[in-house]
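Note sheet for the following structure.
Taken together, the values in this text are just the output of simple stated rules run on the coordinates, not laboratory data. Because the structure is predicted, anything quoted here is derived from the model rather than measured. Please note: Cβ atoms are built from the backbone with ideal geometry, for glycine as well, and neighbour counts cover all protein chains shown.
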Amino acid sequence: MVNLHKSFGRHAVLGGVSIEFRKGKTTVVLGPSGCGKSVMLKHIVALLHPDSGEVWFNGRRMDRLKEPELGRARREIGFLFQQGALFDSLSVFDNVAFPLREHGWTDSRAIAERVGQVLDQVGLAHTAKQWPTDLSGGQRKRVALARAIALEPSLVLYDEPTTGLDPIRSDVINELIIKLKESLGITSIVVTHDLQSAFKVADWMVMLHEGQVRLQGPPDSFWASRDPIVQRFLRGEATPEELSAIWPTGVSRPTGTVQEDRP
Ligand SMILES: Nc1ncnc2c1ncn2[C@@H]1O[C@H](COP(=O)(O)OP(=O)(O)O)[C@@H](O)[C@H]1O
Ligand SMILES: [Mg+2]
């Protein structure tokens with residue numbers, strides 16, 4: 001994407017964002033909540049349109065495509081939405097079969113075979129007959145991922161794939177992202193504020209801050225960065241302004257070590 005600008009009314013969200021996502025690699029886009037990560041992703045599949053700038057995918061301008069070309073281009077992109085969003089009224093099987101049927105698959109044997117394959121890829125072949133409500137949060141994410149890859153996309157977009165999951169379940173998702181890249185050569189874009197996940201899966205990292213790319217480079221370059229904004233994000237520290245809102249002036253934060261009771 002080149003020099004992407006996007007505002008909602010007077011609220012500027014993206015102020016000239018340029019990122020090159022490399023084929024067959026995993027690019028992680030980091031940044032605090034509300035900085036525009038989901039907005040950026042939605043431009044890639046033209047769910048949102050930029051005020052200016054260009055979105056390129058496989059030699060096509062996604063921001064300019066109209067149906068039916070847009071539908072064809074979108075078919076090559078799997079999207080794992082932030083809210084997982086399985087249809088609770090459909091079985092796991094029918095959830096995963098949904099995009100196949102949407103795209104004109106009618107042969108029930110071919111559908112069953114493909115659904116079986118992708119559920120197997122996420123380690124959930126045994127859940128086909130179950131309902132989304134029977135599954136854990138981590139399993140639901142994996143079913144949503146199976147659905148996202150059902151049409152063999154060359155690019156998968158992951159919006160906060162580990163948010164809300166415990167560290168073990170998060171790691172299963174991380175491993176799946178790595179596995180899909182390595183076994184299928186999928187290009188991945190992972191948007192997250194989960195640093196552990198980011199450093200595990202990233203080949204390349206981009207940090208967004210106030211609508212701009214603050215830093216991009218290999219993961220090591222983030223630890224090496226002397227930019228205070230990058231450092232504060234990596235350390236998970238609030239800014240003095242954010243702290244002053246909860247520690248009003250005149251009230252000082254209690255410091256020092258807590259005296260332990262001795263038996
Ligand atoms: N469709 C929309 N209409 C108006 N404002 C939006 C819309 N989508 C996102 N925003 C605003 O854009 C900003 C960035 O949102 P988002 O990309 O969802 O952040 P995040 O980095 O947490 O994914 C937020 O302030 C959000 O309220
Ligand atoms: Mg988001």
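Residues of the range 217-234 with an amide N closer than 11 Å to a point placed 7 Å from the Cα of Glu242 along the Cα-to-Cβ direction: 232-234. Here the extension length gained between Gln196 and Glu102 equals 30.3 nm, from 0.36 nm per residue of separation less the Cα-Cα distance. In straight-distance terms, cross-link reach from Lys25 covers every one of the lysines whose alpha-carbon lies under 18 Å from its own, apart from those fewer than eight places away in the same chain; here that gives Lys179, Lys181, Lys200. Between Leu100, Leu65, Leu145, the Gaussian network model of the chain with springs among Cα atoms under 10 angstrom shows the greatest mean-square fluctuation at Leu65. Listed values for the range 119-128 are Karplus-derived 3J(HN,Hα) couplings in whole Hz (6.51 cos²θ - 1.76 cosθ + 1.60, θ = phi - 60°), namely 5, 5, 4, 9, x, 10, 4, 6, 9, 3, and x replaces Gly and Pro. If you average the alpha carbon positions of the range 62-115 and of the range 1-28, how far apart do those two centres end up, in angstrom? With the range 62-115 and the range 1-28 each reduced to a Cα centre, they are spaced 25 Å.
Label-to-label distance, Ala110 versus Lys23, with points set 7 angstrom from Cα along the beta-carbon direction: 2.7 nm. Annotation: amide H of Lys25 within the under-5 Å range of Ser188, sequence separation 5 or more or interchain, hydrogens built in the peptide plane.
Overall size of the chain from C-alpha positions, given as principal axis extents largest first: 71, 58, 34 Å.
Using the alpha carbons alone, the radius of gyration of the range 83-152 stands to its Kirkwood radius in an Rg to Rh ratio of 0.92.
Computed packing ranks the peptides 200-207, 14-21 as 200-207, 14-21, most packed first, by mean other Cβ atoms within 10 Å. Spin-label model, Phe81/Trp223: points 7 Å from Cα along the beta carbon direction are separated by 3.7 nm. Under the rule of at least 5 residues apart or a separate chain, name every residue whose amide H is placed under 5 Å from the amide H of Val213. Those lying under 5 Å, H to H, from Val213 are Ser18. In the chain, helices alone account for a calculated mean residue ellipticity at 222 nm of -11000 deg cm²/dmol, with every DSSP H run of four or more residues adding -39,500 (n - 2.57).
Using a simple spin-label model with pseudo-atoms 7 Å out from Cα toward Cβ, Glu182 and Leu70 lie 3.8 nm apart. Here's the picture: a label point sits 7 Å out from the Cα of Asp203 along the beta-carbon direction, and within the range 16-43 the residues with their amide nitrogen under 12 Å of it are 21-28. Answer rounded, prolate or oblate for the range 1-145, using the Cα gyration tensor with square roots of eigenvalues a ≥ b ≥ c: rounded when a/c is under 1.5, else prolate when a/b is larger than b/c, else oblate. Since a/c reaches 1.5 and a/b is larger than b/c, the shape of the range 1-145 is classed as prolate. Within the straight-line cut-off of under 24 Å between alpha carbons, the lysines reachable from Lys6 are Lys37, Lys42, Lys66, sequence neighbours fewer than 8 places apart in one chain being disregarded.
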